[in-house]
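Here's the structure we're looking at; comments come further down.
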Amino acid sequence: MRNVSDLPLKNRLDDRTVSMSLVVDEVRLPGEKGVFTLAFSFRGAIARSASAVVAAMAASQVQLHAQTAPAGAPQDLTGLGQVSVSIDGVPDPVFAAEEAKYPGDVTSFDTWRGFSHQGKRVITLALPKTADVVSVSVRALQDFPLGIYFPRYVEFQFESNGKWYSAGREASAYPLSTRNVMAQTFTWSSQTGVEASAVRIIVPVDVWVFLDGFDVKGFLNVNGAPASKLTPVASNPDKPLGPLLPTAPNAYGIRNMLLVETGANGSLGTWSDQDFVPMLAYVNDSGQITAPLFDTILFLPYGSVPTTQAGLSAYLQDLFSPGKQLSALNEAVGYVNQVLHRPGYKERVVLSLPYFAYGQTTFGTIGGSTVTFAGSPADPDALAARETAETWYLQQLLDDWNRAGFSHLQLVGLYWNEEQFRETMPGEAAYVAFASQLAAAHHLPLFWIPFYGAAGIPDWKSLGFSAAWIQPNFVEQGSQAYLARMVNAAQTAAQYGMGVEVELTGISQQDQALYDSSLAQLSAYGFGTNQASHAYYDGSKLLLTSAKSTGQARVAYDTTASFIAGWPFVAVHNAWFAAPLCAGALCLPWPVQAAAATALAKGQASFSSIRVSVGTSTLSVPTLLQGTQTDIALWDLMQVLNQIGFSASWSKGQFVISAPVSVPVNDAPGPAGKGGAEVVIDGQVVERVPTAIATPPGASSPEVFLPLSNAEEILARLGIQTTFNGNQLDLDTSAVPQPLPNNEVAVWNVLAAFASDLGLPSAPAGSSAYTDLSAASPAWGVVQAAIREGWYQPPTPTSSGAFQPITWGEAAQILWNALGISMQDAAYQPGGSPTAWASAIGLVPENWDPASNMTAQELDTLASNLHECLQGDVETAANTWRLWYPPADEYQATLQSGGGQPLFASTADAQAAISATYQFFNQLVVTQSGQHWFLTLPSVPSGYGFATLSALGGLSYQTKPGGAWISAPSVDTRDVSVPKQGRLTVTIPPDGLMITWNQMMPSLGGTVALGALDVSPGVSGPSVQRVNIASPNLPPPITSSVASLHVQQ
């Protein structure tokens, strides 16, 4: 962000002047009679521009899309279809404007088509009819001085029957650090071809990519191999990770981190203890310290500090000098601790690791050897040299830190002092990986703050960084700032799990307007206080200057403190401040905004305010009065929800609310509505509400309002009861439980998950007998239903325990209760106990600790597995399913008593037989090929167990792949000889088949069936139903009450 001008290709390529003495490279182009070469020579101060390169190539290029083709040769398909280009990433108007200067036809060799940043490009050819595609190619240009680089790869995909399939990627054959001007062609080809109705290529664009010659060849009247044989393309492969939460482990406790530059610029780069005090805590205009402010300070050198041994030594000496910088910070923290009465508190500190660029001549002398970064025959990428310098610097840094012994500071990480991943530099990936490993060797994370659009942002984790914050670079644009930039930055951060940098570049009224807008957008898009971790860049002491000022110049400091505290800016500005939650018709339909404006103009609407009370806190909130209807400002409602503990944001016409995982909400969809904004609770669209956009008096931007009645309905879904007397809205949050730590789930979460899988309806509304569970709570219905059905027994008659943590062992007991498995029948179930049973039948991994509290991820695993187990199958690959024997109380379903001679000598023998039954059925595999369905059996070991299969009209089987099919009225595995490397496979008729697992009982002279499944073809997979078999001759069970999770007092 400090060097936005470093972005390549700031000027038009055709006018770019490059200083070079001689560059000679070869551009190889395919021709009809082989490959020929074009040599380019550049002399003097002006290099041949990209357009000149294009012209030289085009002059020698054969016609790309011929109208006719030799007999038997594949024909040109590109000219027959429709070519389109789209962005798979976050569009940006600034980059789009640069890109629009190079609009060449991507299918031609006459001009290059330029693409700038914004993620991947998808170039699609929609064919008029299905064709056999035999080749796909595209050519790319590399011109290093102009910032044009080969794409790292090109991926080739084909569409068939509405689904996309990938034929893989072709990586660039040349390193992106190649300085020569050259072109290369990325090609996929196949002799048999692929039958497809559309073709597309996926091209990553990190900086600039120039393409031409997109070409597809094939045959229109020939059938190729089906595209479905290729790898299916996931419909949503890049699910957003969400913001970097302040509580996330990789945030290391960083909520608000201020960047402090030192080492140059005189007083601007010198910090005293008095300078740090208003940064550590908010100091009001009366000079009183009232609340904490920045919890982390990141020290980094000014850009003018030389990255040489001498320059960095001087920087470290200054950083650790007494009375300033780190020493001053330590003193300031001690003082603020006394004022705020927080003994023992330590401010987090992040220190910088320098970036050593390839090509720097001399760094210094280490161990008696001169270290340079220009490369050498033994170290061509200067990787070893840079690693040596990095190791030297970090050792000096940590030695100085340890000697200082700061009593009020804690070192929590290192910052990589380079704002982009320079993948075009030699050895860059290995260099960054080394820096990460070097930090880890000292038990420190490595942090990164790339500028907007920087290469490497999607890959920050794989590069080795522990956490990253994106620079929006919005306020730097000044009068040219696009509001979409803030939206895009927030979306990018949410996509890749990043935090966001808050940026301040001035404290004038114009600067403040941009700053206010950026903060409002962050809050509106889910990056407000407690929603995300923030880094703060304020130039050189701008916030300190603002803190010491009055009037307009003071506003930036107060606004920042308000944002960190999480309250609306109206409290700071003492005026109607309305966050620009959307820009005109971009977020909500224009008629909605126009209607509100018309009503205001005609005097049919007016502004007022109400007080919103939560506990002992009261907030004044703007309202819009339209006749008898009162609308409340959405921005302020979101801030109230954020303070209560929910996460509320506004995004693209959606009011999005998320709750901590252990806090219940009602996300059941309401009646379908039209128009207005969508209300999304925990990812579920629950309703649409009418909205209006209006600008309150004194505000510079419009604000979104929604009817107060709808707001009360939304609050009720969160368990918040409301009372409105015309002037004040009281919120009763007593039914909202405190969230559990560490992403743990509560008892109600488990009950709700099991109720969803097993179809238990919620109990009707009523009164609650429990002091910890209000009937107004969204968890009331499922908890009450589970109690009535005997799934769950509360700890006491007046305490439901619904919001207490639950161990995996307790959840297994609830599942047994829900399935009707009595503890008296435990000996007849696989495993013999609830936890061992769940592992034995594959619901949970064996290494789960039954005594540890369940997390949301563990509950998701259990609930998903239970769902698939109950339906009887799980899809393991395309058109392939493994069967899953649905559980039941095996005593009741299989071994129920009927008198006579006992079949098993002991309960242990019975349990072993039932366990073998589950193991057999859980290894069955169903596959589909076209209209045909098959069932493959596992190898049946010799012994007493065997399987039988039967179907109306008989069935066919084979004993090895490619073997002969044999028809039979039924199949008994005892009568079928399967080769050592073979497998018994049986056809599944349209009406299905029955398969049983049986055990021979020599002592009784017969056999007994221990389990059966009915398997038939379904719409989207097999249809599997368990058939219970009640075998006789076991002692009757002992009836017992529902097992309790709690120790009875």
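Values quoted throughout were computed directly from the atomic coordinates according to the rules given, and no laboratory measurement underlies them. Since the structure is predicted, the reported quantities are computational estimates derived from the model, not experimental observations. Note that each Cβ is placed from the backbone with ideal geometry, even for glycine, and that neighbours are counted across all protein chains shown.
I want the local charge near residue 253. Using Cβ-Cβ distances under 10 Å, sum +1 for each Lys or Arg and -1 for each Asp or Glu among the other residues.
With Lys, Arg at +1 and Asp, Glu at -1, the neighbours total +1.
State, as an integer percentage, the relative contact order of the stretch 760-856 based on alpha-carbon contacts under 8 Å between residues 6 or more apart. Working shown, then result.
Values: 104 pairs, mean separation 22.8, N = 97.
Relative contact order, the stretch 760-856: 23 percent.
Rounded to two decimals, what is the ratio between the C-alpha radius of gyration of the stretch 249-566 and 2.2 N^0.38 Å?
Dividing the Cα Rg of the stretch 249-566 by 2.2 N^0.38 Å gives 1.00.
Give me the Kirkwood hydrodynamic radius of the stretch 740-871, using the inverse of the mean 1/r over all pairs of distinct Cα atoms, in Å to one decimal.
Computed over the stretch 740-871, the radius equals 15.1 Å.
Using only Cα atoms, locate the centre of the stretch 261-324 and the centre of the stretch 709-724, then give the distance between them in Å, rounded to an integer.
Taking the Cα centre of the stretch 709-724 as reference, the centre of the stretch 261-324 is 47 Å away.
Can you give the net charge of the other residues whose Cβ lies under 11 Å from the Cβ of residue 130, counting K and R as +1 and D and E as -1?
Net charge around residue 130: -2.
Enumerate the calculated ³J(HN,Hα) couplings along the stretch 215-220 in order (Karplus 6.51 cos²θ - 1.76 cosθ + 1.60, θ = phi - 60°), each rounded to whole Hz, writing x wherever the residue is Gly or Pro.
Coupling constants for the stretch 215-220: 9, 10, 10, x, 10, 7 Hz.
Between residue 880 and residue 285, what's the calculated FRET efficiency when r is the beta-carbon distance and R0 is 51 Å? Round to 0.05.
That pair, residue 880 with residue 285, gives E of 0.15.
Under a Cβ-only charge scheme (Lys and Arg +1, Asp and Glu -1), can you give me the dipole magnitude of the stretch 249-566 about the Cα centre, in debye to the nearest 20? Display every interim value, and only then the final one.
Details: 13 positive and 26 negative charges, 102 e Å.
Once rounded to the nearest 20, the dipole reads 480 debye.
With 28 Å as the limit, write out which pairs from 101/129; 120/163; 129/960; 461/541; 163/980 have Cα-Cα distances beyond it, or answer none. It would help to have the intermediate numbers written out before the result.
Numbers: 101/129 34 Å; 120/163 20 Å; 129/960 39 Å; 461/541 31 Å; 163/980 39 Å.
The pairs that break the limit, which is 28 Å between Cα atoms, are 101/129; 129/960; 461/541; 163/980.
What does the extension gain come out to for residue 163 and residue 402, with contour length at 0.36 nm per residue minus their alpha carbon separation? Each step should come with its number before you reach the end.
Working: separation 239, 0.36 × 239 = 86.04 nm, distance 5.91 nm.
Gain in length upon complete extension: 80.1 nm.
Taking R0 as 35 Å, what FRET efficiency do you get between residue 906 and residue 867 from their Cβ-Cβ distance, rounded to the nearest 0.05?
0.50
Taking only the Cα atoms of the stretch 416-541, how large is their convex hull per residue, in Å³?
Convex hull of Cα atoms, per residue: 118 Å³.
For the stretch 407-490, what are Rg and Dmax over the alpha carbons, in angstrom?
Radius of gyration, then largest Cα-Cα span, for the stretch 407-490: 15.0, 46 Å.
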